[in-house]
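One structure below.
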Amino acid sequence: MIYDPSNAAGSRVYDVERNEQLHHVLMIDTELGEVVRAEQPLRVIGDEVASYTQKFTTIYPIRGGSLRPVLFHCYGRKD
């Protein structure tokens, strides 16, 4: 499933194996194992934010009793 601000606003995203929070996340695709993040410093190309994609073996959305995910755990970063 694809998550973005329309269905997962305010969620935190963690690379669990590196014990690192991932910031500036624009979109998450749990089926493909992709996390799209905005480049820092922020750049705009045309009418879109410049971004890059990080791939993971598995991404788990965690709802914690909510209808929307409040947290994502990412495992197996593919460099």
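For the chain, the mean residue ellipticity at 222 nm estimated from helices alone is -500 deg cm²/dmol, where every DSSP H run of n ≥ 4 contributes -39500 (n - 2.57) and the total is divided by all residues, rounded to the nearest 500. Using C-alpha pairs under 8 Å with a sequence gap of at least 6, the mean separation divided by the residue count of the chain gives a relative contact order of 30 percent. Each distinct pair of alpha carbons in region 2-79 adds a 1/r term; the inverse of their mean, the Kirkwood radius, is 12.8 Å.
Of the whole protein surface, I2 contributes about 90 Å² of accessible area at a 1.4 Å probe radius.
The values are calculated or read from the model by the stated rules, or taken from the named source; none is laboratory data. Values in this document were obtained by computation on a predicted structure and should not be read as measured data. For accessibility, only protein heavy atoms count, side chains too; no ligands or nucleic acids. Shrake-Rupley method; radii C 1.70, N 1.55, O 1.52, S 1.80 Å.
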